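The values are calculated or read from the model by the stated rules, or taken from the named source; none is laboratory data. None of these values were measured; they are calculated from a predicted model. Here the Cβ positions follow ideal geometry from the backbone for every residue, glycine too, while neighbour counts run over all protein chains shown.
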């Protein structure tokens, strides 16, 4: 089955040191007393894209998931029971996700699932988990209308329409009216589909829109057409470094606004000098974390020796939200009762969620933090998006 069960077997001393560093020394010193010897683990599944086209996303989520498991178990688990995670890789494929989720549900008998990483996988498996009343914490925003009927599928990232609104809010509020758009044929196309009908609402004009293939390594031709339209700002919707480099090579001097999917250290490193001054509507600026984010940022840096971004934070949030649900519903609660217990507000490291909202995530424009890249570092901007 190619699975790996993660049980957090590092020494308690190392975990105690980590928790002490987070200001949780009391939890560390009492964890052994809280844990029940021989207590049956609470078993959940993690279905992530750790290989394939969106592996960069899935691997970051995996780091957050495993860190949350480690910290929870060091605190004494969930009501004295350790958390066990059965890890599966869907290889960025919806078909593989269906096979893997069936194995998690019917062979591994997991109580809940964190993942998948991609929206296509979430749509594919959400009907299966919903029918079984097994909570699914998806790392995607609500998509097709059918998802709104799935009351046990929770969403940890914004919908593509909300992503589009976050970008357009910044453009409008900073005086850009003539907008050029460069987007790829994958993720970029999905966001653009949500953005293209919002021009009148936001008082902007899309003066030139250019599409490029998701695997393209040079989009100079498309970038030149956007430049020739003399836009006030350029929106680039892609997780590829190529369009950003090409726009800079053409010496385009108007603001460049991207989307939260680009706001990772790996992506901006691939851009080189082209990353400077790009604006991102995102969620966690680890160089300057909000008070609700600091414990997670400190734990992540202590564990991995680097700063986290929102994909890892979402992995942490999924596990922590589930743990709270088990505490409220009871470790042996039915799936339906657990789903009901989860449908409430939750303060995560990423943002504050409302899993009782109609989109089962509750993110709004106010959820976004805005940053500007400066020499590979994210700098928080004094800007908050408002409704049109």
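Looking at this structure, is residue 255 more than 14 Å from residue 310 (Cβ to Cβ), surrounded by fewer than 15 Cβ atoms within 10 Å (Cβ to Cβ) and at pLDDT 95 or above? Quick ask: steps written out before the conclusion?
Numbers: more than 14 Å from residue 310 (Cβ to Cβ): yes; surrounded by fewer than 15 Cβ atoms within 10 Å (Cβ to Cβ): no; at pLDDT 95 or above: yes.
No: the conditions fail for residue 255.
Tallying residues that are buried (at least 17 other Cβ atoms within 10 Å of the Cβ) and either under 25 Å from residue 142 (Cβ atoms) or without any contact (Cβ under 8 Å) to a residue 60 or more places away in the chain (or both) within the stretch 357-388 yields 12. With the condition kept exactly as written, say whether any residue in the stretch 71-78 is out of contact with any helix residue (DSSP H, G or I) (no Cβ under 8 Å at 6 or more places or on another chain) and either farther than 28 Å from residue 265 by Cβ or at pLDDT below 95 (or both). Among the residues of the stretch 71-78, not one is out of contact with any helix residue (DSSP H, G or I) (no Cβ under 8 Å at 6 or more places or on another chain) and either farther than 28 Å from residue 265 by Cβ or at pLDDT below 95 (or both), which makes the answer no. Quick one: in the stretch 86-111, which of the residues that are farther than 15 Å from residue 131 by Cα and surrounded by 24 or more Cβ atoms within 10 Å (Cβ to Cβ) is farthest from the chain's Cα centre (by Cα)? Ranking the qualifying residues of the stretch 86-111, first place goes to 100.
Looking at the stretch 262-289, which of its residues are crowded, with 22+ Cβ neighbours inside 10 Å and part of a helix (DSSP H, G or I)? Once the filter is applied, which keeps residues that are crowded, with 22+ Cβ neighbours inside 10 Å and part of a helix (DSSP H, G or I), the stretch 262-289 yields 262, 268, 275. Determine whether residue 302 is touching a helix residue (DSSP H, G or I) at 6+ places or on another chain (Cβ under 6 Å), modelled with pLDDT of 95 or more and at negative phi. The answer is yes for residue 302. Set side by side, the residues 159, 194, 140, 185 differ, and just one is in contact with a strand residue (DSSP E or B) (Cβ under 7 Å, 6 or more places away or on another chain) and within 30 Å of residue 227 (Cα to Cα), which is 185.
Take the conditions under 27 Å from the mean Cα position of the chain (by Cα) and not in a loop (DSSP other than H, G, I, E, B) and apply them to residue 234. Does it pass? Yes; evaluated as a whole, the condition is true for this residue.
Scanning the stretch 334-356 for residues that are free of Cβ contacts under 8 Å to residues at least 40 places away in the same chain and in contact with a strand residue (DSSP E or B) (Cβ under 9 Å, 6 or more places away or on another chain) turns up 344, 345, 346, 354, 356. Filtered by the rule that a residue be farther than 21 Å from residue 312 by Cβ and surrounded by 23 or more Cβ atoms within 10 Å (Cβ to Cβ), the stretch 117-137 gives 125, 126, 129, 134. The stretch 111-203 holds helices (runs of 4 or more DSSP H) entirely within its bounds, and those carrying 2 or more residues that are more than 25 Å from residue 385 (Cα to Cα) map to 119-132. Scanning the stretch 53-75 for residues that are farther than 19 Å from residue 348 by Cα and either free of Cβ contacts under 8 Å to residues at least 12 places away in the same chain or surrounded by fewer than 20 Cβ atoms within 10 Å (Cβ to Cβ) (or both), we see that the one that is farthest from the chain's Cα centre (by Cα) is 53. Taken over the stretch 173-202, residues that are surrounded by fewer than 22 Cβ atoms within 10 Å (Cβ to Cβ), touching a residue at least 60 places away in the same chain (Cβ under 8 Å) and in contact with a helix residue (DSSP H, G or I) (Cβ under 7 Å, 6 or more places away or on another chain) amount to 2. Scanning the stretch 290-313 for residues that are in a helix (DSSP H, G or I) and touching a strand residue (DSSP E or B) at 6+ places or on another chain (Cβ under 9 Å), we see that the one that is nearest to residue 348 (Cα to Cα) is 292.
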